[in-house]
Amino acid sequence: MPTVDIHPATATRFPDLRAVLGPKLPDAPACWCLAYRVSSAENHTLRGADRPNRLLQMCEGPDAPGVIGYVDGAPAGWSSFGPRSDMGRLVRSRTIPSIDDLPVWSIVCFVVKPPYRRQGLSRSMLDAAVAYARERGVQTLEAYPVDGEGRRISATAAFVGTTDLFEAAGFVRVQATLARSGGLTRWLVRRDLSD
């Protein structure tokens, strides 16, 4: 069995995060998981090295912007999370509503490199995200996964996670959203961490 380790994405681990999120070709565009975290204007103006450098700034902050998953010591995955109030795209979203005034943290993304998919790494990273949020005193975690309705989902559509993944980790469906991924409905799911 491979050894799986999950660690917060800190500045010292940024080279490993780069190995997971960086494009295969040096000048190719890459998301760097910024779309939810920065304004649309900033997201559109960040180019080249400015994109990873912006995420590095976040990794230097007091709270990690996510966790990095390792398989046998190799960086293999990433899950992005943080306070919903810090994610402007979610604050302004018309398709993923804020349902109350609770200071929730949101889990917004999963990336697993192809050789490591279908081995439970997303679940390990989700469990680590829950533990990290609990350590930080977060009372409620929220996510917006896609419901595959019993079908296999492409990695492109499943970057937000699946309802099956989150329900197996103790999250409950709150409501269907107007957001879609791969043409499938995304659900607002929550887990109370105060227990």
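Return the total of residues in the range 135-151 being among the acidic types (Asp, Glu) and at pLDDT below 95. Before you say what the answer is, go through the steps one by one.
Applying the first criterion (among the acidic types (Asp, Glu)) to the range 135-151 yields 135, 142, 147, 149.
With at pLDDT below 95 added as a condition, the list becomes 147, 149.
Here the count works out to 2.
Report whether or not ARG190 is in contact with an Asp or Glu (Cβ under 6 Å, 6 or more places away or on another chain) and assigned to a strand (DSSP E or B). Break it down stepwise before answering.
Values: in contact with an Asp or Glu (Cβ under 6 Å, 6 or more places away or on another chain): yes; assigned to a strand (DSSP E or B): yes.
So ARG190 fits the description; yes.
Residues in the range 131-156 that are open to solvent by 40 Å² or more (accessible area, probe 1.4 Å) and part of a loop (DSSP other than H, G, I, E, B): how many?
Residues of the range 131-156 open to solvent by 40 Å² or more (accessible area, probe 1.4 Å): 131, 134-137, 139, 149-152, 154-156.
Applying the additional criterion that residues be part of a loop (DSSP other than H, G, I, E, B) yields 136-137, 139, 149-152, 154-156.
Number of matching residues: 10.
Is it fair to say THR177 is surrounded by 13 or more Cβ atoms within 10 Å (Cβ to Cβ), hydroxyl-bearing (Ser, Thr, Tyr) and within 25 Å of MET1 (Cα to Cα)?
Values: surrounded by 13 or more Cβ atoms within 10 Å (Cβ to Cβ): yes; hydroxyl-bearing (Ser, Thr, Tyr): yes; within 25 Å of MET1 (Cα to Cα): no.
In short, no.
Please list, ordered by first then second residue, the pairs with beta carbon atoms under 9 Å, 6 or more apart or interchain, first in the range 157-173 and more than 10 Å from ARG123 (Cβ to Cβ) and open to solvent by 10 Å² or more (accessible area, probe 1.4 Å), second among the hydrophobic types (A, V, I, L, M, F, W, C) and in a helix (DSSP H, G or I).
That search, which allows pairs on different chains as well, returns ALA158/LEU165; GLY170/VAL130; VAL172/PHE166; ARG173/PHE166.
Which of the residues belonging to the range 183-195 are surrounded by 16 or more Cβ atoms within 10 Å (Cβ to Cβ) and of a type outside the set (S, T, N, Q)?
Taking the range 183-195 as the starting set, the residues that turn out to be surrounded by 16 or more Cβ atoms within 10 Å (Cβ to Cβ) are 184-191, 193.
If the condition is that a residue be surrounded by 16 or more Cβ atoms within 10 Å (Cβ to Cβ) and of a type outside the set (S, T, N, Q), then LEU184, ARG186, TRP187, LEU188, VAL189, ARG190, ARG191, LEU193 are the ones that fit.
Quick check on the range 34-47. Is at least one of its residues crowded, with 17+ Cβ neighbours inside 10 Å, under 14 Å from the mean Cα position of the chain (by Cα) and among the hydrophobic types (A, V, I, L, M, F, W, C)?
yes
Can you name the condition, by its number, that LEU21 falls short on among (1) touching a residue at least 24 places away in the same chain (Cβ under 8 Å); (2) in contact with a helix residue (DSSP H, G or I) (Cβ under 7 Å, 6 or more places away or on another chain); (3) buried (at least 17 other Cβ atoms within 10 Å of the Cβ)?
Of (1) touching a residue at least 24 places away in the same chain (Cβ under 8 Å); (2) in contact with a helix residue (DSSP H, G or I) (Cβ under 7 Å, 6 or more places away or on another chain); (3) buried (at least 17 other Cβ atoms within 10 Å of the Cβ), only one is false for LEU21: (2).
Specify which of the listed residues (ASP100, ASP72, ASP86) is without any contact (Cβ under 8 Å) to a residue 24 or more places away in the chain and either hydroxyl-bearing (Ser, Thr, Tyr) or over 20 Å from ARG180 (Cβ atoms) (or both). Don't jump to the end; show me each part of the working.
Values: ASP72 fails: without any contact (Cβ under 8 Å) to a residue 24 or more places away in the chain; ASP86 fails: without any contact (Cβ under 8 Å) to a residue 24 or more places away in the chain.
Exactly one of ASP100, ASP72, ASP86 is without any contact (Cβ under 8 Å) to a residue 24 or more places away in the chain and either hydroxyl-bearing (Ser, Thr, Tyr) or over 20 Å from ARG180 (Cβ atoms) (or both), namely ASP100.
The values are calculated or read from the model by the stated rules, or taken from the named source; none is laboratory data. The structure presented is a predicted model; accordingly, all values stated were derived computationally and were not measured. With ideal geometry, Cβ positions are generated from the backbone for all residues, glycine too; neighbour counts draw on all protein chains shown. Only protein heavy atoms, including side chains, enter the accessible area calculation; ligands, DNA and RNA are left aside. Shrake-Rupley method; radii C 1.70, N 1.55, O 1.52, S 1.80 Å.
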